[in-house]
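Visitor: Sending over a structure as structure tokens; questions will come in a sec.
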Amino acid sequence: MAQPLMPHATASWLVDNTSLSFEQIAEFCGLHILEIQAIADDTAATKLTGRDPVRAHELTMEEIEKGQANPDYALKMLKGPEQIRRTKGPRYTPVSKRQDKPDGIAWILRHHPEISDGAIGKLIGTTRTTIAAIRDRSHWNIANITPKDPVTLGLTSQRELDALVAKAAKAAGIEAPADTRLEGDREALIEQLRAERTAAAHAAEAGEDGEAPAGPIEHTAETLFRS
């Protein structure tokens, strides 16, 4: 069953302004009867400001009167006004990051010209006019715009950007560029893990032969989680 938008505040109002039973109020508000008891006894953590469900178009006086006349009557909630839903449009960007949008747009235009202006607008949350101005360098602040990765700026996620790049590349009939930024680091990490594993194996062999290890054993993911 639908519940009021602010159940505790609504319960507080019903306790103070009606003779409905605690069971009726608890059922209507979706609360436990002990919570209603606490509100009635002013033993709740904070004193709640009541919220009138009649003015909020969640309950009618006729329903309240029916409930007061019959303790077994279950109050029926009115269908409230439709909640305002966010319509489709540009992505919302926090005010603190909006000044970074031109830098992110410039980066995409430089590194991924295959992405359409409409796709950039949805990804960054901007307009075609702004994108065009940055592309033809007629933007009012073009002198201060520096291309920066929109992911590092916090304007989008790496997954969303990669998906957009792959989709645009497929539509353009070109091969999507591979992300090689971490390849060097990955190879270095693999070599380091191999060296540590070899050192740990030598130390274990030395221990079995009764020799003291030459140095502390480096713990790796393999040695820590080996079953």
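Visitor: I need the trypsin sites (Lys or Arg not before Pro) found in segment 4-78, filtered to DSSP loop residues with at most 11 other beta carbons within 10 Å of theirs. All intermediate terms of the calculation are to be shown ahead of the outcome.
Guide: Details: sites: 47, 51, 55, 66, 76; in loops: 47, 51, 55, 76.
Answer by residue number: 47, 55.
Visitor: So, in nm, how far is label residue 137 from label residue 162 when the simple model puts each one 7 Å beyond its Cα toward the Cβ?
Guide: 3.4 nm
Visitor: Just reorder 129, 156 by solvent-accessible area, largest first, 1.4 Å probe, all chains present. Could the numbers behind the result be given before it?
Guide: Details: 129 110, 156 15 Å².
Heavy-atom accessible area, descending, gives 129, 156.
Visitor: Let me ask something additional. If I model a spin label at residue 65 and residue 198 as a point 7 Å from the Cα along the Cα→Cβ vector, what separation in nanometres do I get?
Guide: Those two pseudo-labels are separated by 9.1 nm.
Visitor: Where Lys and Arg each count +1 and Asp and Glu each count -1, what net charge lies around residue 117 among other residues with Cβ under 9 Å from its Cβ? Don't jump to the answer; show the numbers that get you there.
Guide: On the way: positive: 128, 135; negative: none.
Net local charge, residue 117 excluded: +2.
The values are calculated or read from the model by the stated rules, or taken from the named source; none is laboratory data. Remember, predicted model here, so these are calculated numbers, not experimental data. Every residue, glycine among them, receives a Cβ derived from its backbone with ideal geometry; neighbour counts consider all protein chains shown. Surface accessibility is based on the protein's heavy atoms, side chains included, excluding ligands, DNA and RNA. Shrake-Rupley method; radii C 1.70, N 1.55, O 1.52, S 1.80 Å.
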